[in-house]
Amino acid sequence: MKISRIRAYRVELPLREGSYKWSGGKSINVFDSTVVVIDTDSGLVGYGEVCPLGPFYLPAYAAGCRAGIAELGPHLLGTDPTELGQMNRRMDAALQGHPYVKSGIDIACWDILGKATGQPVCVLLGGRYGDDFGLYRAISQESPEEMAAKVAGYRAEGYRRFQLKVGGDPLVDIERIRAVSAQLKGDDRLIADANTGWLMHDAMRVVRGVRDIDVYIEQPCRTYDECLSIRRHCDHPFVLDESIDSLDVLLRGHADRAMDCVNIKISKFGGLTKARQARDLCVSLGIATTIEDSWGGDVVTAAISHLAHSTPPEFLFTTTDFNSYVSVSNADGAPVRKNGRMSASTAPGLGIAPKWDVLGDVIVDVR
């Protein structure tokens, strides 16, 4: 089997809530997503998706993804998409860095491998654990009262994990954490995610100000070393996200005892192949994981669901359903939340098919 064509489509994904706000005054109303389609000479077709959270969040942006696919695509024509290790080595040799550019291609190759073997991707990634898994809900940064009201509403929908967007004024953030914490019950879990937004002295004020609250602290500061400094003065469970982008930093973090959990974003690692490597390393090291991506629609959500469903439950801290945040569906067959939980498709591959009327005109066409 050989790759005969690679296409990329641009799809706008408006937010159901109107906007999404996080640290530093950052916000976004419509996500710019890229859906990747890989054709083969056998007739099998694979689908992937990449959706950066704007160029001001991580070193990734939507137009760069499509430009990168145009650059990388010619090097992949005529190669076997089911040989994932060789495919990733070829991509890394042809394009240094830029892992997010490679992510949609890698996901589409896994989709092809699943279809070729008649297996769901989660089975190929390690096996399906249980019937479903729990989800978290990200709570956009607003006033403490508004955020508490949203948590109460989402809790009624079945969510039991809440990722609270903080990283602003430390006194207001303390109020946000306390207001939301008052809404939680039983085994609910609260994550205060600063998205690198605090300076170290502000982060210290917050963790001391909520010392009596059962809350996880996520990526309080911009750099790994700054976060490690806060970790060493913090009694709360600690999560690293933006700093986690390679196996090297995972090993360093484990050696430094820098975190209790990590967020593995598929596109930040370059696709399912390397995200699975990171997930498996975390399992070996005893580190719980959140399986997710920067953002996305139905195709990204399907990829997340397969990696999450193949993660041993005790190591799956949480995951998410990005397709429920947006008002446009870009594929049929995607997983759908039920009472705060989700499961991966049992169909071969990712189990999805693009909505061609939503994808529109092809933006990149390599053949």
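Residues in the range 141-169 that are outside any loop (DSSP other than H, G, I, E, B), open to solvent by less than 30 Å² (accessible area, probe 1.4 Å) and of a type in the set (Gly, Ala, Ser): Ala148 alone.
Looking only at the range 225-254, residues that are without any contact (Cβ under 8 Å) to a residue 60 or more places away in the chain, in a loop (DSSP other than H, G, I, E, B) and not hydroxyl-bearing (Ser, Thr, Tyr) come to 8 in all. Here's a check for you: in the range 189-201, which residue that is open to solvent by 30 Å² or more (accessible area, probe 1.4 Å) and not small (Gly, Ala, Ser) is farthest from Cys261 (Cα to Cα)? Looking at the filtered set, the residue picked out is His201.
Looking at Val283, Val262, just one residue is touching a Pro at 6+ places or on another chain (Cβ under 8 Å) and among the hydrophobic types (A, V, I, L, M, F, W, C), and that residue is Val283. Kindly evaluate Gln141 against the criterion of being touching a Lys or Arg at 6+ places or on another chain (Cβ under 6 Å) and not hydrophobic (A, V, I, L, M, F, W, C). Yes.
For the range 304-323, a residue qualifies if it is in contact with a Cys (Cβ under 6 Å, 6 or more places away or on another chain) and open to solvent by 10 Å² or more (accessible area, probe 1.4 Å), and exactly one does: Phe317.
This table checks each residue for (1) of a type in the set (A, V, I, L, M, F, W, C); (2) within 30 Å of Arg176 (Cα to Cα); (3) open to solvent by 30 Å² or more (accessible area, probe 1.4 Å); (4) modelled with pLDDT under 95.
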{"position": "Ser27", "(1), (2), (3), (4)": "no, yes, yes, yes"}
{"position": "Val37", "(1), (2), (3), (4)": "yes, no, no, no"}
{"position": "Pro59", "(1), (2), (3), (4)": "no, yes, yes, yes"}
{"position": "Leu76", "(1), (2), (3), (4)": "yes, no, no, no"}
{"position": "Ser103", "(1), (2), (3), (4)": "no, no, no, no"}
{"position": "Gly114", "(1), (2), (3), (4)": "no, no, no, no"}
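Among residues that are open to solvent by 50 Å² or more (accessible area, probe 1.4 Å) and part of a helix (DSSP H, G or I), Gln86 is included. Is it true that some residue in the range 287-310 is over 13 Å from the mean Cα position of the chain (by Cα) and either within 18 Å of Leu53 (Cα to Cα) or of a type in the set (A, V, I, L, M) (or both)? Yes, the range 287-310 has at least one match. Selection of the range 42-58 for residues being on the phi < 0 side of the Ramachandran plot and free of Cβ contacts under 8 Å to residues at least 40 places away in the same chain yields Pro55, Phe56.
Candidates in the range 324-360 are the residues that are of a type in the set (D, E, K, R) and touching a residue at least 12 places away in the same chain (Cβ under 8 Å); of these, the one that is most open to solvent (accessible area, probe 1.4 Å) is Lys338. Scanning the range 95-140 for residues that are assigned to a loop (DSSP other than H, G, I, E, B) and of a type in the set (Gly, Ala, Ser) yields Gly97, Gly118, Gly126, Gly127, Gly130, Ser140. Of all residues in the range 197-215, those satisfying the criterion of being in a loop (DSSP other than H, G, I, E, B) and either touching a Gly at 6+ places or on another chain (Cβ under 7 Å) or free of Cβ contacts under 8 Å to residues at least 12 places away in the same chain (or both) are Gly197, Trp198, Asp212. Restricted to the range 39-53, and to residues there that are more than 14 Å from the chain's Cα centre (by Cα) and of a type outside the set (A, V, I, L, M, F, W, C), the residue that is most open to solvent (accessible area, probe 1.4 Å) is Asp41.
The values are calculated or read from the model by the stated rules, or taken from the named source; none is laboratory data. Nothing here was measured: the structure is a model prediction, and the numbers come from that model. Glycine gets a Cβ as well: all are built from the backbone with ideal geometry, and neighbour counts include every protein chain shown. We work out accessible area using only protein heavy atoms, side chains counted, and drop any ligands, DNA or RNA first. Shrake-Rupley method; radii C 1.70, N 1.55, O 1.52, S 1.80 Å.
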